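Quick notes on the structure that follows.
The values are calculated or read from the model by the stated rules, or taken from the named source; none is laboratory data. In this text the structure is predicted, and so the values were computed from the model without any measurement. As a convention, Cβ positions derive from the backbone with ideal geometry for all residues, glycine included, and neighbour counts pool all protein chains shown. Note: areas computed on protein heavy atoms with side chains; ligands, DNA, RNA excluded. Shrake-Rupley method; radii C 1.70, N 1.55, O 1.52, S 1.80 Å.
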Amino acid sequence: MRRELSIVRRVRSRAIGWMGRRYLARVRRNGIDLSRMRSLPESALMPLRRDGLDPVPALADARVSAPISRLDLPFGANAWLVTGHDEAKAVLGRATGFSSDFTHLVGNAGVTDGDNPGGLGFADPPVHTRLRRLLTPEFTMRRLARLTPRIDEIVTEQLDAMARADGPVDLWEAFALPIPSLTICELLGVPYEERDRFQRLSTARFDLVSGALNSLGAITESLSYLLDIVRAQREAPGDGLLGMLIREHGDEISDRELAGLADGVLTGGLETTASMLALGTLLLLRDPDAFAQIRDDDAAVNRFVEESLRYLTVVQLAFPRFATQDLDIAGVRIEQGDIVLVSLSGANRDPALGTAMEGFDPARPPSPHLAFGHGIHRCIGAELARMELRAAYPALVRRFPELRLAVPPGDLSFREVSIVYGVESLPVLVK
Ligand code: HEM
């Protein structure tokens, strides 16, 4: 019996290690993208599959039959899929009993401590609490307000460049990626003369055309580049987040930790916001009423942003949580060591949130959606993301009232199996 248990533990630890290795390899290459995980059974990939902008119907079916259901993973790993809104909040909101710590991914299958990307997402209290406390003051509305004029300028510069194009423009490259990339430059306080390089490196991560090796190289380069920036700011702290952290907490945090935090901000804030900008534009092009409301009525902008965050839920799954003790969640027994995957897209379409949640309704009053997660790992950049979206959508439709797709909608290609859902490109005509 004991031998059997130890075999089960070994197999489980191997499975976790294997998943972690695959997951991290993809994180490193293309942001968070699991498209190579073909060997997982279809039922495990289902929460990441979509039909255009909508999750596949099986996700709603899973929620109706059991908002917390067993997930079929290979090698006997015990896993659960959470698709209900209240159940998702119950998991993400538990301060104890679940862990996101990177060490759960460290096993005998090749994941080592050295692979730890740093930052907040893979840390538990007290490390998480300490690092998050350092970052939080930089993300308050008061402190972020300094970025408003610069975000407006960044948006205008991108629109000016788009206006100069003859023929189709790829809105993903010309608008969706540079806005968050340049905003993060501003937030971190990357010096002006360094911005071209920063932007090239940050966008090269998601350059699917140049291939995985190029992206991998860009990430290594961007980490050591961030370390260079951190070291330079130690000498002469600037006005941005890095300079402030060095001024106020310089002796509590190492250069590597600072570079890890900066890299976490870049990873967390770039692809997510870019996907929202691209897919939100697609929603506007699909819905002429919403397009006209955003163009003509400032009051409609906030509703549109909140409803598109909910409806699109670009971060489809929260990071895996590992049960550190036996738990009861909404009447379901989760055992120590089990893996819990929370489907944010499932939770955000739960009828418990309101009526007709499967559909997009730009007039819907803001709902308590989970697009930014919940609990201690809730997105620290949520307000910054909202600032960017609220600035960018109305500016786009006001500048280009004739905006339209340059290809038939059926020709658009979406990411196939990716934690952060998105389009590969978005060809549009602006005049
Ligand atoms: C629309 C855009 C965004 C979406 C949908 C989004 C979504 C999320 C979600 C769902 C989580 C929680 C994941 C989990 O619990 O496993 C998260 C965490 C995080 N996000 Fe965002 N995010 C966005 C923009 C940003 C921005 C602009 C930044 C920073 C500039 C950022 C930085 C982070 C960081 C650092 C974390 C980890 C927080 C922690 O673990 O304490 N995100 N984000």
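Do the conditions hold for D239, that is, is it out of contact with any Ser or Thr (no Cβ under 7 Å at 6 or more places or on another chain) and assigned to a loop (DSSP other than H, G, I, E, B)? When the stated conditions are applied, D239 passes them.
Screening A363 with (1) near the ligand (Cβ under 8 Å from one of its atoms); (2) of a type in the set (G, A, S); (3) open to solvent by 30 Å² or more (accessible area, probe 1.4 Å) gives one miss only, at (1).
Right, H369: under 30 Å from E138 (Cβ atoms), touching an Asp or Glu at 6+ places or on another chain (Cβ under 9 Å) and surrounded by 14 or more Cβ atoms within 10 Å (Cβ to Cβ) or not? The answer is yes for H369. Annotation: of all residues in the stretch 396-431 being out of contact with any Ser or Thr (no Cβ under 7 Å at 6 or more places or on another chain) and part of a helix (DSSP H, G or I), the one that is least open to solvent (accessible area, probe 1.4 Å) is V397. Scanning the stretch 179-186 for residues that are open to solvent by 30 Å² or more (accessible area, probe 1.4 Å), modelled with pLDDT under 95, over 30 Å from S413 (Cβ atoms) and part of a helix (DSSP H, G or I) turns up at least one hit.
Out of the residues in the stretch 247-259 that are within 16 Å of the ligand (Cβ to nearest atom) and part of a helix (DSSP H, G or I), which is surrounded by the fewest Cβ atoms within 10 Å (Cβ to Cβ)?
E257
Restricting M37, M19, M1 to residues that are of a type in the set (A, V, I, L, M, F, W, C), loosely packed, with under 14 Cβ neighbours inside 10 Å and at pLDDT below 75 narrows the list to M1.
Only one of the numbered conditions (1) at positive phi; (2) touching a strand residue (DSSP E or B) at 6+ places or on another chain (Cβ under 6 Å) is not met by T313, and that is (2). Note on the stretch 307-345: residues that are touching a Gly at 6+ places or on another chain (Cβ under 8 Å), open to solvent by 30 Å² or more (accessible area, probe 1.4 Å), more than 11 Å from the ligand (Cβ to nearest atom) and under 18 Å from D124 (Cα atoms) amount to 2. Within the set A236, A218, A204, the sole residue that is modelled with pLDDT of 90 or more and either of a type in the set (A, V, I, L, M) or more than 27 Å from Q158 (Cα to Cα) (or both) turns out to be A236. For the stretch 74-100, the candidate set comprises residues that are touching a Ser or Thr at 6+ places or on another chain (Cβ under 9 Å), open to solvent by 10 Å² or more (accessible area, probe 1.4 Å) and outside any helix (DSSP H, G or I); within that set, the residue that is nearest to A123 (Cα to Cα) is F98. Residues in the stretch 260-306 that are more than 15 Å from the ligand (Cβ to nearest atom) and among the aromatic types (F, W, Y): F291 alone. Candidates A300, A290: the one that is farther than 22 Å from M141 by Cβ, modelled with pLDDT of 95 or more and either open to solvent by less than 30 Å² (accessible area, probe 1.4 Å) or touching a strand residue (DSSP E or B) at 6+ places or on another chain (Cβ under 6 Å) (or both) is A290. In summary, P362 fulfils each of the numbered conditions (1) under 15 Å from F291 (Cβ atoms); (2) out of contact with any Phe, Trp or Tyr (no Cβ under 7 Å at 6 or more places or on another chain) with the single exception of condition (2).
Restricting attention to the stretch 101-128 and to residues that are part of a helix (DSSP H, G or I), of a type outside the set (A, V, I, L, M) and open to solvent by less than 50 Å² (accessible area, probe 1.4 Å), the residue that is modelled with the lowest pLDDT turns out to be D115. Mind counting the residues in the stretch 131-164 that are of a type in the set (S, T, Y) and outside any helix (DSSP H, G or I)? So the count comes out to 1.
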